[in-house]
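Nothing in this text is a laboratory measurement; each read-out follows from the coordinates by a stated rule. All figures in this text were calculated on a predicted structure; none of them were measured in a lab. Cβ coordinates were reconstructed from backbone atoms using ideal geometry, including for glycine residues, and neighbour counts include every protein chain displayed.
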Protein chains: 2
Amino acid sequence: MPVIVSHDVLLGFSANVFVATGAARVEAAAVAEHLVTASAMGYDTHGVMRIPQYVEDVGKGMIKPGAPMTIEHREGATILVDCGWNFGQVGGNFAIDAAIEHARLHRTATAVVKSCNHAGRLGAYTTRAAEQGFLAIGFCNSPIHGHFVSPWGGRQGRLATNPISFAMPSGGEHPVVADFSTAEASEGAIRLHRNRGMNLPDGWITGSSGEPSNDPSAFYGPPRGAIRPFGGNRGYRGFALAMLVEVMGGLLGGSPVSKKLPGNGLGFIVIDPSAFVAEDQFPVMMAELCAYIKSSETAPGFDEVFVPGELDYRTRRERMRDGIPIDENTWAQILSAAESVGVNERIAV
Amino acid sequence: MPVIVSHDVLLGFSANVFVATGAARVEAAAVAEHLVTASAMGYDTHGVMRIPQYVEDVGKGMIKPGAPMTIEHREGATILVDCGWNFGQVGGNFAIDAAIEHARLHRTATAVVKSCNHAGRLGAYTTRAAEQGFLAIGFCNSPIHGHFVSPWGGRQGRLATNPISFAMPSGGEHPVVADFSTAEASEGAIRLHRNRGMNLPDGWITGSSGEPSNDPSAFYGPPRGAIRPFGGNRGYRGFALAMLVEVMGGLLGGSPVSKKLPGNGLGFIVIDPSAFVAEDQFPVMMAELCAYIKSSETAPGFDEVFVPGELDYRTRRERMRDGIPIDENTWAQILSAAESVGVNERIAV
C-alpha cells in the first residue's frame with residue numbers, strides 16, 4: 001500500500017530537508033516545488049524519490065547548495081550559464097529565466113548550461129516559459145547516467161536516454177507540454193521489470209549480441225546489452241534526436257561526449273510568438289488547434305483525445321486534491337534521508 | 001527499366017524547363033539544383049518527379065516565377081519572410097540565408113515563412129546552414145496536402161506528415177543531416193503499395209473505425225482512414241512533434257490550422273556554435289561524437305553504423321558518378337511537361 005501525503009505537507013517537508021542540507025530557503029523551496037510538482041503530475045521517477053539522492057550528493061560535495069549562478073558568456077541572443085554545481089533545479093530555473101529575459105529583448109534566445117546537477121523533469125523549464133507566453137524547446141543530456149542507448153544499426157550503448165521537451169501557451173488553462181525520452185525505455189523502467197520478475201515489452205532492448213530480447217538480464221549482462229532508440233523500425237529518427245540533444249545540452253556547453261561529467265547538460269531555445277503574430281492572436285490560434293485535434297473521434301480503447309501535457313495536469317489536479325501516493329520503500333528512504341540531516345518531522349500520512 | 005540520366009545533364013535540362021516557365025536563370029537554376037540533388041541523394045519523391053507538378057502550378061498561376069521575396073517583419077533576432085508564392089525553393093533558400101545572416105549578427109535567429117509553395121526536401125535548407133558552420137533546425141507543415149495523420153488516441157486525420165530536420169557541421173566531409181516525417185508513413189508510400197497490389201507493413205495506418213490495417217484501401221476509403229503518427233506504441237511523441245511543426249511552420253506564419261493554404265509553411269532556428277564554444281573546438285567535438293557513434297559494433301543485419309545523412313551523401317556520390325535512375329513513367333511525364341513549355345531538348349539517356 002502506498003503512503004498518501006498531502007501536496008502542501010510534502011512541499012513544506014521537502015523544503016525543510018533541503019534547507020537542512022545547507023540551501024537557502026528560497027532555493028530549497030524551488031527544488032522542493034520542482035520535485036513535488038513532478039510527483040503530483042505522475043512523473044514519480046523525477047519526483048520526491050530523488051530526495052535521498054540529492055541529500056547524498058550534497059554529503060559527497062557533488063551538489064553545492066548556495067553556489068552562485070553566473071552567466072559565463074553573453075553574445076547577441078545567446079547565453080552560456082554556469083550553474084556552479086548548485087542543485088540542478090536552481091540552475092535550470094536560472095537558465096530558463098535568463099533565456100526568457102533574453103527573449104524579451106531579442107524576441108528569441110538560446111541558452112546552454114554547464115556544471116549543472118540532476119535537473120529533474122525537463123518539462124518544468126519549458127513550461128515556465130510557456131506560462132509567460134513563450135514557445136520553448138528544451139534538451140537534456142546525461143553524460144554520467146550511462147550510454148545505454150544503441151545507435152541505429154549498432155548494438156552498443158552510445159548515448160543516454162536524452163529527453164527533449166517543448167511547451168507553448170494553449171490558449172486554455174494550461175500550456176501544451178511535451179516531454180519525452182529519445183529512447184524506447186528508461187533504465188529505471190527496465191530495473192523495475194527485473195525487480196518484479198517481469199518480462200519486458202517487445203522492442204525495448206537488445207542483448208549483447210544485438211538480438212532483440214524481453215529478458216531484463218539480457219540488458220544488464222555482463223556482457224551489457226543496450227536500450228533501443230525511440231521509434232521501433234524507424235529508430236534512426238529517435239537516435240538522430242538523441243544526437244541533437246547531445247549537441248544542444250553537451251557539446252555547446254563545452255563538454256565533449258568523452259567527458260563523463262556528473263549531472264545534466266541543458267539547452268533551451270525560447271521564441272516569443274508575438275514577434276511573428278499579434279499578441280492576442282497566437283492563443284486564439286492555439287486554442288483552435290487544440291480543439292481541432294481533440295475533436296477527432298477516438299480510436300478503439302481510448303475515451304478521449306488528449307493534447308500533450310493534458311493528462312499530466314489532470315493527474316496533478318487529482319493528486320493536489322486527494323494527496324500524492326508514494327510507495328512504502330521510497331517513503332522510508334525519504335524519511336531516512338531527512339533524519340540524516342536532522343529533519344525529524346512527524347508527517348501525517 | 002529505369003532511365004539513367006547524368007547529373008549534369010539533368011541539372012541543365014531542369015533549369016531550362018524552369019526558365020521556360022518564366023523564371024530568371026538564377027532562380028530556375030536554384031530550383032533545378034534542389035530537385036536534382038534530392039534525386040541524387042535518393043529522395044526520389046522530393047526530386048525531379050516534381051517538375052511536372054511545378055510546371056502545372058505555374059500554368060495555374062499558383063507558382064509565380066520572379067515574385068519578389070520580402071522580409072515582412074524583423075524584430076530582434078527574428079524574421080518573418082514573405083515568399084510571394086514564387087517557387088518554394090526560392091523562398092526556402094531566401095529564408096534560410098536571411099536566418100543565417102541574422103544569426104551572424106545575433107548568434108542565433110528564428111525565421112518563419114509565409115506564402116511559400118512546395119518547398120521540397122526540408123534537409124536542403126538546414127544543410128545550407130550547416131555548410132556555413134551553423135546548427136539549424138527546420139520545420140515544414142503542409143496545410144493543403146491533407147490532414148492524414150491521426151492524433152494519439154484518435155482515428156481521424158488532424159495534421160499532415162509534417163517533417164522536421166536538423167543539420168550541423170560534422171567535423172568531416174559532410175554535415176550531419178537528419179530529415180524525417182513525424183508520421184509512420186507518407187501518403188505517397190501508401191499509394192505506391194496500393195498501385196503495386198501490396199499489403200502495407202504493420203503499424204502504418206488505421207481504417208475508418210480506428211482498427212489497425214495492412215490494406216491500403218482501408219486508408220483511402222471511403223470512409224477515409226488515417227496514417228498513424230511516428231513512434232508505434234509511443235506515437236503520442238510523434239504527434240507532439242507534428243504539433244510543434246504545425247506551430248513553427250504554420251501558426252507563427254499567421255496561418256491558423258483551419259486555413260487551407262497551398263504550399264508549405266517553414267520555420268527555421270539557426271544557432272552559431274561559436275557563440276558557445278571556440279570556433280575551432282566545435283568541429284573537433286562533432287568529429288569525436290560521430291566517430292564514437294560509428295565505433296559501436298553492429299547489430300545483426302547491419303554492416304556499418306551510420307550517422308544521420310551519411311547514407312544520403314554516399315548515394316549522391318554514386319549517382320553523380322553513375323547517373324540518376326528515373327522510372328520510365330516519371331521520365332515520360334517530365335519530358336511531356338518540358339514539351340508543354342517548349343523545351344524539346346534531346347536528352348541522352
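Numerical summary
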quantity	calculated
Residue-averaged 222 nm ellipticity for chain A, from DSSP H runs of 4+ at -39500 (n - 2.57), nearest 500	-12000 deg cm²/dmol
For A:274-284, mean number of other protein chain Cβ atoms within 10 Å	4
For chain B, with +1 on Lys and Arg beta carbons and -1 on Asp and Glu, the positive-most of B:ALA95, B:GLY59, B:VAL305 along the dipole	B:GLY59
Cysteines in chain A lacking a second Cys C-beta under 4.7 Å	A:CYS140, A:CYS290
Mean Cβ neighbour count within 10 Å, used as a protection proxy, ranking A:310-319, B:174-183 highest first	B:174-183, A:310-319
Peptide A:103-115, shielding by other chains (average Cβ, 10 Å cutoff)	5
Listed residue (A:ILE71, A:PRO175, A:ALA30) projecting farthest to the positive dipole end of chain A, Cβ model	A:ILE71
Rounded to the nearest 20 debye, dipole of the stretch B:124-207 from Cβ charges on Lys, Arg, Asp, Glu	380 debye
Label geometry 7 Å along the beta-carbon vector: B:TYR292 inter-copy distances in nm	4.2
Mean Kyte hydropathy of 0.0 or more with a Cα span along the axis of at least 24 Å, helices from DSSP in chain B	B:88-106
Top positive-direction residue, dipole computed over chain A with Cβ charges, set A:GLY154, A:ALA111, A:HIS7	A:GLY154
Inter-part distance where the stretch B:231-288 and the stretch A:276-302 are each reduced to a Cα centre, Å	19 Å
Sparse-neighbourhood loop sites, trypsin sites (Lys or Arg not before Pro) in the stretch B:20-116 - DSSP loop, at most 11 other Cβ within 10 angstrom	B:LYS60
Cβ neighbours within 10 Å from other chains - mean over A:243-250	5
Pair B:ASP280, A:GLU173: separation of 7 Å Cα→Cβ label points (nm)	5.8 nm
The stretch B:110-248: relative contact order in percent, alpha carbon pairs under 8 Å with at least 6 residues between	24 percent
Cα→Cβ-extended label distance, 7 Å offset, between A:MET1 and B:ARG317, nm	6.7 nm
Violating pairs (Cα-Cα greater than 18 angstrom) within the set B:LYS60/B:LYS114; A:LYS114/A:LYS260; B:LYS114/B:LYS259; A:LYS64/A:LYS114; A:LYS294/B:LYS114	B:LYS60/B:LYS114; A:LYS294/B:LYS114
Charge dipole (debye, nearest 20) of the stretch A:104-253; +1 at Cβ of Lys and Arg, -1 at Cβ of Asp and Glu	260 debye
7 Å along Cα→Cβ, label-point gaps from A:GLN53 to other copies, nm, shortest first	4.6
Exam field: A:GLU101 pseudo-label spacings to other copies (7 Å along Cα-Cβ), nanometres	3.3
Length-normalised contact order for chain B - Cα pairs under 8 Å, 6+ apart - percent	22 percent
